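Report on the structure given below.
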Amino acid sequence: MTVDSDSFGEGFSSSVLDGILDPIIVIDQDHSVVYANRAVREQAEECAIGQKCYALLQGRESPCQPCPCQDAFKTGKPYRIIRKKEEKEGQPRFKEIQAYPIVNRGGEVVRVIEVIREVSLAEEKPFTREGFVLYDEGPISFCGMVSGSEKMKALFQKIRLVASGNATVLIDGETGTGKDLVAHAIHQCSPRRDGPFMAIGCGMLSETLLERELFGHVEGAFTGSIQREKGLFEKAEGGTLFLDEIADTTLAFQSRLLRVLQEGEIRPVGEGRSVRVDVRVVAATSKPLKEAVAKKRFREDLYHRLAMTPMAIPPLRERPEDVLLLAKHFVQKHAMQSGKGPMRLSAHAMKVLLEEPWQGNVRELENVIRRSVILSPEAEIAPEWLLIGEEGLSANPASSSVSSSVLAHEIFSKVERERERIIEALLRSNGNKASAARRLGISRASLYNKLKRYRI
């Protein structure tokens, strides 16, 4: 069978996929199969090309939900989900679906490679607890979020319902739960998906700077303003604006924001007239806004205006069934980004992860896994490479593990310092790599290797 590789994307080689035993297809955005490897062709009763992937591989009449391939099209990132199949000899069987984007030189996702394989998850059964069973209904990959818990599945469903409207949304969740991902999912699932998505951290800026960033300014509005600059409200026209940590704003700013939400108009700093804007506002907070309202630190009318559709993200400690699922997802993600081969968590490491309270939620878990992937000298990540908290492991490891943990902290600190030195050298050299290499006292080849290794 002759295959035109150019139809799949620049640099694509079908001969490599033809030699892989797992079923592999390449699809376009409307789910049509444009390539099927030998493993698929030998099983298909008719020509696979042109068929819908869900009909060819799943025997379905409509697309699967969730669909990792469509997530890959939307974000340009690889996705992986596991679905439960039928029982066989009293044991459940699982199907793993992996989606990898094919990107052209312009950065556009032109096709997606889908890999399907059966997997056994029996080794994870000892680490189920408190009545939950990992992958019981199959984990879900939804707009960049991965979960197998009922609470998160309910949240995903609520996102779909809320996204179809135009009302403001208030996301409530602890630090590290992924409020930005939820906000982006609302945008992706909404009729505004083709418009811009803009985000800003309100707690990071003073009131004056925040107003300039959001509302823009005219020439001469303040010292150094030499031309008219649009703010994020104008830049997000027809799309979504995400205001993170809204609780950290001043009462004066809150008053101005309330007027914008009510009237649909902004007034750039120094401007004498208002500008109409068509923007959906999604706000988020990690602090209880009702308490702030009671203490007169947050306007009650703005709170009710923002909380037209409230949404709460459960912390990771309330959905322990997601810990190992997320951990394995992050291992795969960061092993790929760091250029390492396939990696996995040891049984002891998984047990340690399950025993942690994860006060920093998903962000803390991902940071722990990222460090462990960088530091682990083996493909199987041992518990001593899980640097949890400032003191390393909190699960009373053996003395040898403590020594390894201390060593791991030293290694990671060295890696971070070197990465910072490289970034500083690049900044001082205005991005000139040859000049940066001379500043660092290394060859250009060494610099290029370090840039790749540290993902700079």
Matching residues in the range 117-145 - criterion: being at pLDDT below 85 and under 23 Å from His31 (Cα atoms): Arg117, Glu118, Gly138, Pro139, Ile140, Ser141, Phe142, Cys143, Gly144
Matching option when the condition is farther than 20 Å from Thr177 by Cα and outside any helix (DSSP H, G or I), among Pro357, Pro342: Pro342
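Conditions (1) among the polar types (S, T, N, Q); (2) touching a helix residue (DSSP H, G or I) at 6+ places or on another chain (Cβ under 7 Å); (3) buried (at least 16 other Cβ atoms within 10 Å of the Cβ); (4) modelled with pLDDT of 75 or more, marked per residue:
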| site | (1), (2), (3), (4) |
| --- | --- |
| Ser399 | yes, no, no, no |
| Val406 | no, no, no, no |
| Glu420 | no, no, no, yes |
| Ser429 | yes, yes, yes, yes |
| Ala436 | no, yes, yes, yes |
| Gly441 | no, no, no, yes |
| Asn449 | yes, no, no, yes |
Sole residue being under 28 Å from Thr249 (Cβ atoms) and assigned to a helix (DSSP H, G or I), chosen from Ala292, Ala349, Ala284: Ala292
Matching entry among Lys77, Lys88 (being outside the structural domain of Thr177 (by TED's automatic domain parsing), farther than 18 Å from Asp22 by Cβ, at pLDDT 70 or above and of a type outside the set (Phe, Trp, Tyr)): Lys77
Qualifying residues in the range 237-265 (those that are under 11 Å from Phe215 (Cα atoms) and not aliphatic (A, V, I, L, M)) - the one surrounded by the fewest Cβ atoms within 10 Å (Cβ to Cβ): Glu265
Count of residues meeting criterion [surrounded by 22 or more Cβ atoms within 10 Å (Cβ to Cβ) and among the charged types (D, E, K, R)] in the range 185-210: 0
Tally of residues being loosely packed, with under 14 Cβ neighbours inside 10 Å and either over 30 Å from the mean Cα position of the chain (by Cα) or assigned to a helix (DSSP H, G or I) (or both) across the range 266-281: 3
Residue list for the range 45-82, filter: under 18 Å from Lys95 (Cβ atoms) and part of a helix (DSSP H, G or I): Cys53, Tyr54, Ala55, Leu56, Leu57, Gln58, Pro68, Cys69, Gln70, Asp71, Ala72
Failed item in (1) modelled with pLDDT under 95; (2) outside any helix (DSSP H, G or I), with Ala154 passing the rest: (2)
Criterion violated by Thr2 - all others in (1) outside any strand (DSSP E or B); (2) modelled with pLDDT of 70 or more satisfied: (2)
Scan of the range 438-453 for residues that are under 22 Å from Gly341 (Cα atoms) and of a type in the set (Lys, Arg), ordered by number: Lys450, Lys452, Arg453
Odd one out for Val182 among (1) assigned to a helix (DSSP H, G or I); (2) surrounded by 21 or more Cβ atoms within 10 Å (Cβ to Cβ); (3) at pLDDT below 95: (3)
Subset of the range 360-381 that is free of Cβ contacts under 8 Å to residues at least 40 places away in the same chain and part of a loop (DSSP other than H, G, I, E, B) - its residue that is nearest to Thr175 (Cα to Cα): Ser376
Single unsatisfied condition, His348 versus (1) touching a helix residue (DSSP H, G or I) at 6+ places or on another chain (Cβ under 8 Å); (2) of a type outside the set (Phe, Trp, Tyr); (3) closer than 29 Å to Lys287 by Cβ; (4) surrounded by fewer than 19 Cβ atoms within 10 Å (Cβ to Cβ): (3)
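Yes/no matrix, rows are residues, columns are (1) charged (D, E, K, R); (2) surrounded by fewer than 16 Cβ atoms within 10 Å (Cβ to Cβ); (3) in the same structural domain as Asp194 (by TED's automatic domain parsing):
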| site | (1), (2), (3) |
| --- | --- |
| Ala283 | no, no, yes |
| Ala292 | no, no, yes |
| Lys296 | yes, yes, yes |
| Glu300 | yes, yes, yes |
| Ala307 | no, no, yes |
| His329 | no, no, no |
| Pro342 | no, yes, no |
The listed residue being touching a residue at least 40 places away in the same chain (Cβ under 8 Å) and at negative phi, out of Leu232, Leu214, Leu205: Leu214
Subset of the range 9-38 [of a type in the set (A, V, I, L, M), surrounded by 19 or more Cβ atoms within 10 Å (Cβ to Cβ) and at pLDDT below 85]: Leu17
Any hit, the range 228-238, residues being under 30 Å from Leu354 (Cα atoms), part of a loop (DSSP other than H, G, I, E, B) and not assigned by TED's automatic domain parsing to the domain that holds Glu356: no
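The values are calculated or read from the model by the stated rules, or taken from the named source; none is laboratory data. Just so it is clear, the structure is predicted and the values come from calculations on it, not from any experiment. Methodologically, a virtual Cβ is constructed for each residue, glycine included, from the backbone with ideal geometry; neighbour enumeration extends over all protein chains shown.
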